[in-house]
Ligand SMILES: NC(=O)c1ccc[n+]([C@@H]2O[C@H](COP(=O)([O-])OP(=O)(O)OC[C@H]3O[C@@H](n4cnc5c(N)ncnc54)[C@H](O)[C@@H]3O)[C@@H](O)[C@H]2O)c1
């Protein structure tokens, strides 16, 4: 059946979802950001998740007018769920979107939240706002569901339609309607969660688990550095056993994996439990920029490379490879720390916007062709272009007599390392 759907919040998650729904249904794409909406109308997606052709051929009606939602029978919320400077959940966008929806939706609407939250947010925080602003009764006049998004930005293979979608509803009938709606676009199928809270919890633990898996690898990397053992060699050897789970150390940034665990820890503390393991993992991951910077300086001293006037080239500043997103990039910790040691730092990233990086982090991005010869190169974010360029690219950037190459995610072939380079991997 052809439904009328409004997607509220057209970011990394909302826009690809709107495009997919628009193949089968009538879709309104609503956002409060005028500039974003007018660019989308012109077929331009600055996040580069959706192409010009996909936008031009889709029948999405982009809008900043909340009244456009009033004819829809499904409203899907994909607004940001950030944290405050104190690492507490910031539900302001979610609450404000709920107020807007409550003031315009019609009787019978199902509101489905997709933003990542802690268990209870949909029913305890958003639902009361929908009721009070609409003066309608939940369960009689309108209904709620939750379906956590699983988008992997920059991933052109695992697109929204190819990833199993968890769905939930406030009762069996709503669950079924939500499931049928998503089944119309998700080739991989849907998973019916037993309640909204279960679906909320499932999403937040996906990211918490990933954060913790990486934090263990990061802690191992710190230990192995002291023991002068190569972490990647150790992990490869251990992975020869069938039940060893192979994860990689690295900088954990972005607005999901580094943020979502704080939603869960907040709720845990609210119910009287201090989640020691999760918080310890967060601390380990947040300290990796500092650890890498101090390791670089130690390696320089050991190898007789003077700190004064030395230049470090950082390749990549986005929160992960092959995306333009710089939110919560932890490469910035490394840059800041290296500058505090008095090193000259030049940062290169073909994906990130120069303007955004300057505004957000006060860091100037330079073009690779203008880079000064440097004593150190840090392959911080292995965009495909850097990995393909490999040692040839790096050799053109470094001091030919002696240099140190830091391959944070072990993407360079260590067997091809030139003799004048000292290689260290996290
Ligand atoms: N991007 C990801 O990979 C990813 C992964 C897992 C979970 N998530 C979760 O999905 C949610 C959305 O993330 P995103 O990356 O798409 O965010 P985003 O910042 O890319 O986009 C959010 C959009 O919502 C709009 N918006 C903000 N407040 C609004 C309001 N009140 N009404 C209407 N529009 C509003 C913003 O203008 C923006 O365009 C978050 O909860 C996030 O944690 C995202």
Within the range 329-346, the residues whose backbone N lies under 11 Å from a label point placed 7 Å from the Cα of residue 402 along the Cα-to-Cβ direction are none
Report the full-extension gain for the segment residue 373 to residue 233: residue separation times 0.36 nm, less the Cα-Cα distance, to one decimal in nm.
47.4 nm
Using only Cα atoms, find the angle between the long axis of helix 196-226 and the longest principal axis of the chain, and express it within 0 to 90 degrees, rounded to the nearest 10.
0 degrees
Histogram of C-alpha separations across the range 215-425, 10 Å bin width, %
8, 33, 37, 17, 5, 1
Between residue 103 and residue 344, what is the spin-label point distance in nm, taking each point 7 Å from the Cα along the Cα→C-beta axis?
5.4 nm
Give the Debye-formula value of log10 I(q)/I(0) at each listed q (0.10, 0.15 Å⁻¹), with one equal scatterer per alpha carbon of the range 288-400, two decimals each.
-0.26, -0.61
Calculate the spin-label point distance for residue 71 paired with residue 395, positioning each point 7 Å from the Cα along the beta-carbon direction, and give it in nanometres.
6.4 nm
Cβ-derived FRET efficiency at R0 45 Å, residue 280 paired with residue 385, nearest 0.05
0.80
Normalised contact order of the range 215-425, rounded percent, pairs of Cα under 8 Å and 6 or more residues apart
18 percent
For the peptides 413-419, 82-88, 54-60, what is the packing order when you average, over each peptide's residues, the other Cβ atoms within 10 Å and list the highest mean first?
54-60, 82-88, 413-419
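With each run of n ≥ 4 DSSP H residues scored as -39500 (n - 2.57), what mean residue ellipticity at 222 nm is computed for the chain after dividing by its residue count and rounding to the nearest 500 deg cm²/dmol?
So the helix-based figure for the chain works out to -12000 deg cm²/dmol.
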Give me Rg over Rh for the range 78-157, both radii from the alpha carbons and Rh done the Kirkwood way, two decimal places.
1.02
So for the pair residue 356, residue 416, with labels modelled 7 Å out along Cα→Cβ, what separation do we get in nm?
3.0 nm
Between 267, 359, 24, which gets the highest mean-square fluctuation from a Gaussian network model of the chain, Cα cutoff 10 Å?
359
Taking the chain as the region of interest, what is the percent of Cα-Cα pairs per 10 angstrom bin, listed from the shortest bin to the one with the maximum distance?
4, 20, 28, 23, 15, 8, 2, 0
Largest-first principal axis extents of the Cα set of the range 119-240 (Å)
65, 31, 25
Hey, with R₀ at 35 Å, roughly what FRET efficiency would residue 246 and residue 366 work out to, going by the Cβ-Cβ distance, to 0.05?
0.50
Nearest 10 degrees is fine. How inclined is helix 260-270 to the longest principal axis of the chain, computing both from alpha carbons?
70 degrees
Taking R0 as 56 Å, what FRET efficiency do you get between residue 191 and residue 308 from their Cβ-Cβ distance, rounded to the nearest 0.05?
0.45
Can you give me the three principal axis dimensions of the range 4-199 from its C-alpha atoms, in Å, biggest first?
41, 39, 34
Fraction of the pair-distance distribution of the range 177-257 above 22 Å, Cα-Cα pairs, percent
49 percent
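Test of understanding: what is the full-extension gain from residue 150 to residue 35, defined as 0.36 nm times their sequence separation minus their Cα-Cα distance? It would help to have the intermediate numbers written out before the result.
Numbers: separation 115, 0.36 × 115 = 41.40 nm, distance 2.59 nm.
Gain on stretching residue 150 to residue 35: 38.8 nm.
Values quoted throughout were computed directly from the atomic coordinates according to the rules given, and no laboratory measurement underlies them. Just so we're clear, the structure is a prediction, and the values are computed from it rather than from any experiment. When we count neighbours, we look across all protein chains shown, and the Cβ atoms used for this are built from the backbone with ideal geometry, even at glycine.
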